[in-house]
Structures are given as C-alpha cells and as structure tokens.
Amino acid sequence: MSGTVRDSNMELLRITAMFLVIIFHVDFISFDFPDDQLSIHTDSVSAFLKIWMCNATFTCVDVFVLLSGWYGIHPKAKRLAEFLFQVFFYSLLSYALFLAFDDNVDFSWHFLVHIFVTDDYWFVPIYLSLYLFSPVLNAFAEHASRRQFLLVICAAMLLQSVYGWMSPTESGYMEGRSPFSFFLLYLLARYIHLYADRLRAMSRRQMVLSFTIINTLATIIVFLAYYHAQQAVINTMFKFSSPFTIASSVLIVLFFLTLRLKSKAVNWVAASCFAVFLIHCFPYFNMEIYHPVIKYFYLHYDGLAFALLTSLFILTVYSGSILIDKARIAIWKRLSRHAGI
C-alpha cells in the first residue's frame, strides 16, 4: 500500500478477509464441503444457509488481490525481502516445533526444501508473480486509454470465464489460482479505482443488496446442483475465477471503501494478519491441530455450543498469530538494520 499512513477502513478489510479465509476453511477442509455434512434432503434450510455462508466466505482470496490492485503494488527490495522472511520464518518455526513436540513428524530434506511451495501455501508463489510483474501492470494502467483498459479487462474476463471457469477440464487457470487470474483481479481493481465512478458511487444499502442477490443466486445454483447430484456444476461454482465470486468480492471492497475509520489498533492488527494465514495453513498445523479440533467440536457439541467453541478457537488462533508476528517484526527490524537493507 502506498503512503505512510494506512487507511484503517481498508486495513479492517484486510483483517476481515483473513477471518473469511479461516472460516471458509472450516467448511471446505474440516468438513470436505460440499461432499460431507450437507443434508439437502433432510434439512434443506440448514443446507441452504451453509452453502450461502460458504459462497460468502469464498471471496477471501479475491478480496486480498483486489485490495492490492486498489492501491497498486510498488515493488521494493526491502518489502520483498521482508515478505520472504515472513514466509520462511513461519515455515521453519512451525516445522521446528512439530519436529520437537510431535513424534509422528520426522525430518525430511524434501519437505524442508519444498515447504515454500506446498499446496497449503499456494497463494505465496502466485502472489510473488503478481508482485514482480506489477510494474508492467502499473505501466499499462497508467498509459492505456480508458477504452483500451476496459476492452482488455472484458476480453480477459471472457477468456477466463470460458476456459478457466466453465471448462470442466481447465488446468492452466488453476480455478483462479494462476498468475493470469491474479493479474486480471489486479487490473480490475485499478480500473474501478480510476474510472468506475458510478460503481464507486453506490450507496452501502445498494452494495449490501447487490451482494445478497449475487450470493443468493450462486447459492441457489449450488443447492439445485447438489440436490440433483450435479457435481460438475458445484465444482464450477466454487472457483476463485467464478464471476459470482469476483462480483461479490468487488462489492465487499467497495463497501469497506465507504467507511470512515482511523484507528492505530486496527492498523496494528492488520500489519500482522498475513501471519494468520501462514500459521494456520502450515501443513502439519492444519492437519494435526486446526481441522481435528474443529471436527472434535462438531462431533461432541451441538448448535450454539459448537458455534461458540469454534469461534473461540478461531479467535485464539487469530490473536495468537498476531502476537507472535509482533516478535517476528522486531526480529526483522534488527536483522534488516544490521544487513543494511
């Protein structure tokens, strides 16, 4: 984010997006949504609400990328070095702790070497591609005419929708987890920031209503597809490249832009929220702790008790990650100062 003073409303969005990440992981990983724990025929209302929530939280990744595009990335060697340090810090720290305290974990050079690009950390290498390629995207956004800009976005969106969303055998777009998809979201945010005056002028009520309509429509499609055992349709809807997900994500970003907030506390938390992703998505942590704990709550508690325990656990993971990251920041400042970075 450019500038020395961060906009607390957008930092609050960063915090919220990370909550969306760990909440949607509850369904998509802990319960293997939508294959398990979904009673379409016996409890249709509960199933519909669960699908609606999954659709809403599935916006998390697109929101993060749109947020980067809104302000624009301006690559600097120091910021890149700090980002890489943060990733390796938590990878190595987490691995060391599990080696020390978990008898089921054995040291592996193969795992250590590839820890940076595990499936759980897929976001990191793709975001690095966006980070390093951002000067080219910025140059295009700055020098292209409004018409050229719009045509490129529309063409790219059409291309991704046909070959990276609706196609059942698509691979290059990686369901919206490819560099191309991140580039598209980045440029979309830049275009909205620079030119989409009418879209930005929407009232909060209009944004909430539009989000509700889009998310409900997507939920109806998934619900009917699940009811009629159309797994291909379900898989298609739950892609980060889905126009439904992208549209909902844009509305979330625009909603937070309408807020007026200045808070040092919010900025303090937001500066470390990426640590939440790195800790809770570490392979051993999510396999041995995060998802087993949530499954235990689900099997042993009902209704409100399950919701309260799960919320408390998520808040503990979130707040603990933030506090740990403050130590990481202090270590980085000392190291970077000695290294002259």
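Take each of the peptides 124-131, 247-254, average the number of other beta-carbon atoms within 10 Å over its residues, and list them starting from the highest.
My ranking of the peptides, most packed first, is 247-254, 124-131.
Starting from the alpha-carbon convex hull of segment 37-180, give the projected area averaged over all orientations, in nm².
13.5
For residue 76, list the lysines whose Cα falls under 21 Å from its own Cα; do not include residues on the same chain fewer than 8 positions away.
333
Of the options 145, 89, 127, report the single residue whose Cα projects farthest towards the positive end of the charge dipole of segment 80-154 (beta-carbon charges: Lys, Arg +1; Asp, Glu -1).
145
Please work out the ratio of the alpha-carbon Rg of segment 158-243 to 2.2 N^0.38 Å and round it to two decimals.
Dividing the Cα radius of gyration by 2.2 N^0.38 Å gives 1.27.
Determine the share of the chain's accessible area contributed by carbon and sulfur atoms, expressed in whole percent, with a 1.4 angstrom probe.
66
Pick out the long, greasy-scoring helices in the chain: whole DSSP H runs spanning 27 Å or more along their own axis by Cα, mean Kyte-Doolittle at least -0.5. Don't jump to the answer; show the numbers that get you there.
On the way: long enough: 77-101 (36 Å, 1.26); 123-143 (29 Å, 1.07); 204-227 (34 Å, 1.14); 303-339 (53 Å, 0.87).
Counting only whole DSSP H runs, the qualifying helices are 77-101, 123-143, 204-227, 303-339.
Using a Gaussian network model on the chain with a 10 Å cutoff between Cα atoms, which of 100, 225, 271 fluctuates the most?
100
Kindly report the accessible area of the chain per residue (heavy atoms of protein chains, probe 1.4 Å, no ligands, DNA or RNA), in Å².
Ligands and nucleic acids excluded, the result is 50 Å² per residue.
What is the projected area of the convex hull of the Cα atoms of the chain, averaged over all directions, in nm²?
19.1
The values are calculated or read from the model by the stated rules, or taken from the named source; none is laboratory data. These numbers were taken from a predicted model, which means no experiment stands behind them. Note that we place each Cβ from the backbone using ideal geometry, even for glycine, and neighbour counts take in every protein chain shown. Accessible surface areas use protein heavy atoms only, side chains included; no ligands, DNA or RNA. Shrake-Rupley method; radii C 1.70, N 1.55, O 1.52, S 1.80 Å.
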